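Student: Pasting in a structure now, in structure tokens, and then I'll have a few things to ask.
The values are calculated or read from the model by the stated rules, or taken from the named source; none is laboratory data. Small disclaimer: the values here were computed from a predicted structure and weren't measured. In this analysis, Cβ positions are derived from the backbone assuming ideal geometry, glycine residues included, and neighbour counts consider all displayed protein chains. Just so you know, the surface numbers come from the protein's heavy atoms only, side chains and all, with ligands and any DNA or RNA stripped out. Shrake-Rupley method; radii C 1.70, N 1.55, O 1.52, S 1.80 Å.
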Amino acid sequence: MMRLGTEAEAYMISDDADIANGRTIVWRKQKVMPSSMKLVEADLAPPNPGVPCGLVSISVQCEGGVADIVWTFRSEWGYPTYELQGSTSQEPITSHRKYQQLYEKYAVTERGGEPVWMEKDPDGTSGTTGLSKDGTVVTNISPLYGVRDYLAAAAVYRYTKYYQTRGDIPQDLVSKVGKIDTPLELQNPGPVGRWLRVGANIRQTGDAFQVTISWMASQSELKEGLWKSEIYG
């Protein structure tokens, strides 16, 4: 962009607008450094960008006795955004919600807090062949034989929305953290107790407040796998 005005006058270098992401306006000023080599507060005072928006950053670079000052303004009108993130963690098999059923069907005994699984599938239908501890071939090995851990699935859903004034932000934003809650604008969230609100974050950006709320899913949609209302209600 061609520079307009004289040294010490600010000028706009970009104005980018997107219906989904809002508007970003950047202004710039180049000023010859005074003999003290220090800028005063007035030098950093932002220009009027000409539209309602908020100042998000000021950057200053000095080279060859000239200060290059850049102001970035933001006007937020972005649509709500949605993020679903899945993960797994390795957990001891004894913590599995079906451990008691698995133990009754496939274990011989328990030793030192760990199950001792039988080698053979009690149903005789696993179709798996392998070696036993003494090196002999075993057919129809138990599906639990040798298992000590399992992968527990987890999911976190995040909802982000922009609010133009502080008063528009939901009053229960923080008070619901740590409680069973239904995620905002999530299709088919499942039964009550499926999701727990685990976080809330507010960040002022430009002329708006960016609010992000997070929920964590229970490991199962079955009743015994839901967040317990006695604790998280």
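Student: Can you work out ³J(HN,Hα) from phi for every residue in the range 136-146, in order, using Karplus 6.51 cos²θ - 1.76 cosθ + 1.60 and θ = phi - 60°, giving whole Hz and x for Gly and Pro?
Tutor: Whole-Hz 3J(HN,Hα) from phi for the range 136-146: 7, 7, 10, 9, 6, 5, 4, x, 9, 4, x.
Student: Give me the one-decimal nm value for the distance between modelled label points at residue 39 and residue 136, 7 Å along each residue's Cα-to-Cβ direction.
Tutor: Placing both labels 7 Å beyond Cα along the Cβ direction yields 8.4 nm.
Student: While we're on this one: Quick one: how many lysine pairs in the chain have C-alpha atoms under 21 angstrom apart, if they're 8 or more apart or on different chains?
Tutor: Going through the chain pair by pair, I get 12.
Student: Of the heavy-atom accessible surface of the chain (probe 1.4 angstrom), what whole percent is carbon and sulfur? Please list the in-between numbers first.
Tutor: Numbers: 7600 of 14660 Å².
Its accessible area is 52 percent carbon and sulfur atoms.
Student: Can you give the Rg to Rh ratio for the range 1-91, taking only C-alpha atoms and Rh from Kirkwood?
Tutor: 1.20
Student: Over the Cα atoms of the range 99-233, what Rg and Dmax result, in angstrom?
Tutor: Answer for the range 99-233, Rg first and Dmax second: 23.4, 73 Å.
Student: Which value, in Å², gives the accessible area per residue of the chain when a 1.4 Å probe is used on the protein heavy atoms?
Tutor: On the way: 14660 Å² over 233 residues.
Solvent-accessible surface per residue comes out at 63 Å².
Student: Let me know the charge dipole size of the chain about its Cα centre in debye, to the nearest 20, where only the beta-carbon of Lys, Arg (+1) and Asp, Glu (-1) is charged.
Tutor: Values: 24 positive and 28 negative charges, 60 e Å.
About 300 debye.
Student: Can you give the convex hull volume per residue for the Cα atoms of the range 65-119, as a whole number of Å³?
Tutor: On the way: hull volume 13.0 nm³, N = 55.
Taking the convex hull of the Cα positions in the range 65-119, it is 236 Å³ per residue.
Student: Using square roots of five times the C-alpha gyration tensor eigenvalues, list the equivalent-ellipsoid semi-axes of the range 168-233 in whole Å, biggest first.
Tutor: Values: eigenvalues 137, 30, 14 Å².
Equivalent-ellipsoid dimensions as semi-axes: 26, 12, 8 Å.
Student: Let me spell out the model: positive unit charges on the Cβ of Lys and Arg, negative unit charges on the Cβ of Asp and Glu, origin at the Cα centre of the range 114-224. What dipole size does that give, in debye rounded to 20? Spell out each step's value before the answer.
Tutor: Numbers: 12 positive and 13 negative charges, 106 e Å.
Approximately 500 debye in magnitude.
Student: Per DSSP helix of 4 or more residues, -39500 (n - 2.57); summed, then divided by the residues of the chain. What does that give at 222 nm, rounded to the nearest 500? Display every interim value, and only then the final one.
Tutor: Working: 3 runs with 16 residues, N = 233.
About -1500 deg cm²/dmol.
Student: Can you find, among 90, 78, 107, the residue sitting farthest towards the positive end of the charge dipole of the range 77-117, where Lys and Arg contribute +1 and Asp and Glu -1 at Cβ?
Tutor: Positive-end residue among those listed: 107.
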